[in-house]
1. Tell me which lysines have Cα within less than 16 Å of LYS376's Cα, excluding those fewer than 8 residues away on the same chain?
2. Roughly what % antiparallel, to the nearest 5, for the DSSP beta bridges in the range 7-282?
3. Using the beta-carbon distance between LYS475 and GLU431 and R0 = 25 Å, what value does 1/(1 + (r/R0)^6) give for FRET efficiency, to the nearest 0.05?
4. Is the shape of the range 7-282 rounded, prolate or oblate, going by the alpha carbon gyration tensor and its root eigenvalues a ≥ b ≥ c, with a/c under 1.5 for rounded and a/b larger than b/c for prolate?
5. Positive end of the dipole of the chain, charges at C-beta (+1 Lys, Arg; -1 Asp, Glu), about the Cα centre: which of PRO110, LEU206, LEU468 has its Cα farthest in that direction?
6. Sort the range 286-486 into rounded, prolate or oblate with this rule: let a ≥ b ≥ c be the square roots of the eigenvalues of the Cα gyration tensor; rounded if a/c is under 1.5, and if a/c is not under 1.5, prolate when a/b is larger than b/c, oblate otherwise.
7. Near ALA310, within a Cβ-to-Cβ distance under 15 Å, what is the net charge of the other residues, with Lys and Arg +1 and Asp and Glu -1?
8. Enumerate the calculated ³J(HN,Hα) couplings along the range 324-341 in order (Karplus 6.51 cos²θ - 1.76 cosθ + 1.60, θ = phi - 60°), each rounded to whole Hz, writing x wherever the residue is Gly or Pro.
Amino acid sequence: MTDMLCDATLPRLPAAIARPVYDRAAARVGIVHLGVGAFHRAHQAVVIDDLLAAHPHWAILGASLRSPATAEALGPQDGLYTLAVSGPQGVSHRVIGALKGVLTLPGDLPALLAAMADPMVRIVTLTVTEKGYLHDPATGRLDEGHPDVVADLANPDAPRSAPGLLAAALAARRAAGVAPFTVLCCDNLAQNGRTVRAVVTRLAALRDPGLGAWVADSVAFPCAMVDRIVPATTEADRDAVARALGLRDAWPVVTEPFLQWVIEDHFPAGRPPFENAGAQMVADVAPFELMKLRMLNGAHSSLAYLGYLAGLQTVAEVMAQAPCAAFLRALMTQEIMPTLAAPAGLAAYRDALLARFANPGLKHRTWQIAMDGSQKLPQRLLGTIRDRLAAGQPIDRLALGVAGWMRYVAGRDDAGRPIDVRDPLAARFAEVAAQAAGPEALMRGLLGIEAIFGADLPAEPRFTAPLLAALERLKRDGAAAAVAQAA
């Protein structure tokens, strides 16, 4: 059996494999990260890894909130893992050492709360996906009836959610007279810092009004925009990494060369020099965030639903179909870009996105992107639709993307194969689909979910008419033909 990647085997790596150039034993935890998934390990952890040689007090302690898999994989590897960057020139490999450890819930809860209360920890970052914030996607407010919110309020010292953990750790710091850490959200939420601030402040206030007031007055929640395409790791990826390293890595990550991190520069407790590793520190993230949410994420969701319905398994497969590529270009150019007052260079950004989507080295599954659509649709597509309707502009391609989502969550692709719908509202979708006699009934049933569509869009004929036409076209002709007609 091939030996495992770990501190002891690092010297055996081939010379071509990049590795930490700092003393890992001397590095100290300054950041706790909630939600140690593939994206964090291909994005924020890489930036921190670039900084640790000169700034060794900003290492990361990670926490997995839902599954022990990452901790079980990386624990025997001393937190080391491989970053495989796949681009037009081939694949490069680098071992990342920024993670000092990975804790899990509920077993490591005391250690995690103790770490978050440590004065040396000055930033808590998060990638827990949109659904991890226990909010109503249509309003951004805390969902006070969510089972995790109810549980965290009933047992505030044994939280099981990210907002509950933040509230508990901040309560501990307040009680100890320790200044609060900064909360840096790295998920795809519109104005993510503001959203997390609202959720955590409300949960803290429900727990203790004094704590809620302290969080509101004292805790910084800067906004951030993150961008890097990171597919789920496959066994083929593990095998390829093992061949390159001559060592076994239980959980490498594969990604593209592109990385962007735009951060609102508001860190009262101090921060690493993120800009020294390529991050952009700005006064206002909103223009960058809106551009990315609508151009990249909106297009990604549209291609994921429509591509999956047509039987296409990866983004690169979708982009290899000329009508699909033409549709996405038209969607961005004619319906999304006019809603943006972007920092600069929208056309160049569009062209770069299309090239990134077409990267054959990334096996980014349409099914992976399609997950949790109820949490994503409001930011990725519906906000754009609202802006275009307000300007009296057509929404035919955007409506096709939403119709693709509706067909997808109904649970059958164009060939009649069942779809494994992963979403917090999957049971509700299945109930609507079972009762729907046709496209209009399906549309009306799904539009009735106010947490997704609000009260305005279901009552707006300029939205429902093109949406129904798109849904009927998908049922009659299939996704491939509908996309070709809209290209």
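1. LYS131, LYS292
2. Values: 12 of 37 bridges.
Close to 30 percent.
3. Details: r = 19 Å, r/R0 = 0.77.
It comes out at approximately 0.80.
4. Values: a/c = 1.77, a/b = 1.75, b/c = 1.01.
Because a/c hits 1.5 or more and a/b exceeds b/c, the range 7-282 counts as prolate.
5. The residue sitting farthest along the positive end of the dipole is LEU468.
6. Numbers: a/c = 1.61, a/b = 1.19, b/c = 1.36.
In terms of gyration-tensor shape, oblate.
7. Working: positive: ARG365, ARG407, ARG412, ARG417, ARG473, LYS475, ARG476; negative: GLU317, ASP413, ASP414, ASP477.
Combined, the nearby Lys, Arg, Asp and Glu give +3.
8. Residue by residue, the range 324-341 yields 5, 4, 5, 4, 5, 4, 5, 4, 5, 5, 8, 10, 9, 4, x, 8, 10, 9 Hz.
Read-outs throughout are calculated quantities, based only on the coordinates presented, and are distinct from any laboratory measurement. Fair warning: this is a prediction, and the values are worked out from it, not measured in the lab. Here Cβ is always computed from backbone atoms with ideal geometry, including for glycine, and neighbour counts include all displayed protein chains.
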